[in-house]
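Worksheet for the structure shown next.
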Amino acid sequence: MSIKDRLKEDMIFCMKNKEKDRLEAIRFVQAAIKKQEVDTRKDLDDAAVIAILSNQVKQRKDSIDQFRKGGREDLATKEEAELKILQSYMPAQMDASELEKIVAGVIQETGASGMKDMGGVMKAVMAKTAGRAEGSAVSEMVKRKLVP
C-alpha cells in the first residue's frame, strides 16, 4: 500500500473515531501532497511523498526549537505530537553504522578527497538514503569522513 493510500485510510479512520489532532496533521500533509501534484501536474510516487514528509518533519523540529526559545511550551507540545504522527509515515531511520557504510561507499565511488567535494557526496548519499536519514546527520557524517 502506498503512503498516499495509507494517509487516506488513516484520515477516514480518524474522522470516524473523532481523533481531531491526528486528523489535522494528516490533512495538512495531504494538502502539501495535493499542492505538489497540482504544481507538477502528475501523481506523486512514494519517494516524492517521503520528500514532502521529510520537509514537514524538518519544519516541525524547527518550530519546536523556536517555540521553546520563545517560551511557548504549549505550542511546542502540539508540534511534537504532530511530529510523532508524521514520523509514523516515514520509513525506518538508518542506524549510524549503515549510514557510515553508504557515506564511505559514495566517497569511494566519487573519488572525493576534501571538503570541496562535499556537495556531490551529499547529493549522492541523500539519493541513496531517500528519507531514511536526516540531512543534518548525513552532513555531519560526510564532514567527518572528508576532513582528515
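Would you call GLU100 in contact (Cβ under 8 Å) with a residue 40 or more places away in the chain, over 16 Å from the mean Cα position of the chain (by Cα) and on the phi < 0 side of the Ramachandran plot? Judged against the criteria, GLU100 is a match.
Is it true that some residue in segment 35-43 is within 15 Å of the chain's Cα centre (by Cα), surrounded by fewer than 14 Cβ atoms within 10 Å (Cβ to Cβ), free of Cβ contacts under 8 Å to residues at least 24 places away in the same chain and within 29 Å of LYS4 (Cβ to Cβ)? The answer is no; no qualifying residue exists. Of all residues in segment 117-131, one or more are among the small types (Gly, Ala, Ser) and within 19 Å of SER2 (Cα to Cα). Remark: LEU53 falls outside the filter, which requires a residue to be in contact with a Phe, Trp or Tyr (Cβ under 6 Å, 6 or more places away or on another chain), outside the structural domain of ARG132 (by TED's automatic domain parsing) and more than 30 Å from LYS143 (Cβ to Cβ).
Could we say that GLN93 is closer than 25 Å to ILE3 by Cα and touching a helix residue (DSSP H, G or I) at 6+ places or on another chain (Cβ under 7 Å) here? No; evaluated as a whole, the condition is false for this residue. Condition check: touching a residue at least 12 places away in the same chain (Cβ under 8 Å), touching a Lys or Arg at 6+ places or on another chain (Cβ under 6 Å) and in a helix (DSSP H, G or I). Does ILE26 satisfy that? In short, no. Taking segment 11-23 as the range and being part of a helix (DSSP H, G or I) and over 19 Å from the mean Cα position of the chain (by Cα) as the test, the residues that pass are MET11, ILE12, PHE13, CYS14, MET15, LYS16, ASN17, LYS20, ASP21, LEU23.
The values are calculated or read from the model by the stated rules, or taken from the named source; none is laboratory data. Note that the coordinates shown come from a computational prediction; the quantities given were computed from them, not determined experimentally. For neighbour counting, all protein chains shown are included, and Cβ atoms are generated from backbone atoms with ideal geometry for every residue, glycine included.
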